Amino acid sequence: MQPFSCILLAGGLSSRMGRDKALLQLPNTTDSASNDVNDLLQHMMHLAQLSGAQQVVVSRDPNLRVAAHADYQFVADQFPRLGPLAGLHACLPQCHYERVLVLPVDMPLLSVGLLTNLASSTTSSYFAGYEMPCLLYRSDALQHFLLEQLTSQTARRSVRSLLHWLDAEALPIPSHTIPSHTIPSHNIPSDNNEFTLMNTNSPSDWQMFIELRAHQRNTQSRMQDGERGRNEP
């Protein structure tokens with residue numbers, strides 16, 4: 001697969017959640033032996049890296065940086081409070097690669113397999129029925145379109161309008177995840193795609209995510225215990 005950048009959209013107002021979604025704490029989470037993942041932004045950053053992104057640019061006000069994010073590349077919107085298109089407009093010029101995977105910070109159940117499938121597309125793409133995550137190809141024309149949208153008083157300024165303008169391909173959601181060595185919390189069973197692409201916009205959504213995550217980990221633990229039992233003499 002060709003190298004790609006990732007834009008992580010983490011600059012929203014989080015009005016429905018009532019607090020900054022990027023800083024929501026994940027309970028008792030260690031996603032690898034050497035990477036302690038404590039908040040949602042760290043979780044999504046780690047997911048982007050596991051999916052193969054050679055560079056991750058975070059759409060977020062640098063003034064909101066906390067110690068845990070000291071090494072992240074934050075880029076502020078040039079057009080504040082105008083939604084995800086403003087984040088893309090600011091971040092795309094900072095991307096090193098033509099191919100750009102776009103992730104929202106509030107989809108913590110996305111799987112590495114699903115994102116690898118999307119990132120391997122040869123054209124601008126998204127999963128049918130879901131505007132994000134999506135794959136874009138950086139170009140002057142795209143940057144000009146974003147600027148027009150952000151400076152127009154009548155433009156819709158939506159990801160849907162962007163995907164329509166790009167004539168992006170609507171990919172079917174894979175019925176299975178691509179096998180990988182990633183952490184269990186990123187391997188969602190194939191019959192849970194609706195949860196894999198779930199947004200955590202509200203406190204109730206976040207609670208559902210916590211419960212699903214706990215169920216996943218318990219299931220994985222039982223499977224590992226069963227495997228050890230079968231291997232014992």
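Cβ separations smaller than 8 Å between residues 6+ apart or across chains give the following pairs from region 65-91 residues that are at pLDDT below 95 to residues that are part of a strand (DSSP E or B): 65/74; 68/39; 69/58. Exactly one residue out of 101, 88, 92 is under 16 Å from residue 55 (Cα atoms) and touching a Cys at 6+ places or on another chain (Cβ under 6 Å): that is 101.
Considering region 1-42, the residues that are surrounded by 18 or more Cβ atoms within 10 Å (Cβ to Cβ) and part of a strand (DSSP E or B) include one that is modelled with the lowest pLDDT, namely 39.
Selection within region 43-71: residues that are within 11 Å of the chain's Cα centre (by Cα) and part of a helix (DSSP H, G or I). The member of this set that is surrounded by the fewest Cβ atoms within 10 Å (Cβ to Cβ) is 49. With respect to being surrounded by fewer than 20 Cβ atoms within 10 Å (Cβ to Cβ) and not in a loop (DSSP other than H, G, I, E, B), residue 116 fits the description. Scanning region 185-219 for residues that are aromatic (Phe, Trp, Tyr) and at pLDDT below 80 returns a single hit, 195. Of all residues in region 130-156, those that are basic (Lys, Arg) have Cβ atoms under 7 Å from Cβ atoms of residues that are assigned to a helix (DSSP H, G or I) and surrounded by 14 or more Cβ atoms within 10 Å (Cβ to Cβ), 6 or more apart or on another chain, in 138/92.
The values are calculated or read from the model by the stated rules, or taken from the named source; none is laboratory data. As the structure is a computational prediction, the values presented were derived from the model and not from experiment. When we count neighbours, we look across all protein chains shown, and the Cβ atoms used for this are built from the backbone with ideal geometry, even at glycine.
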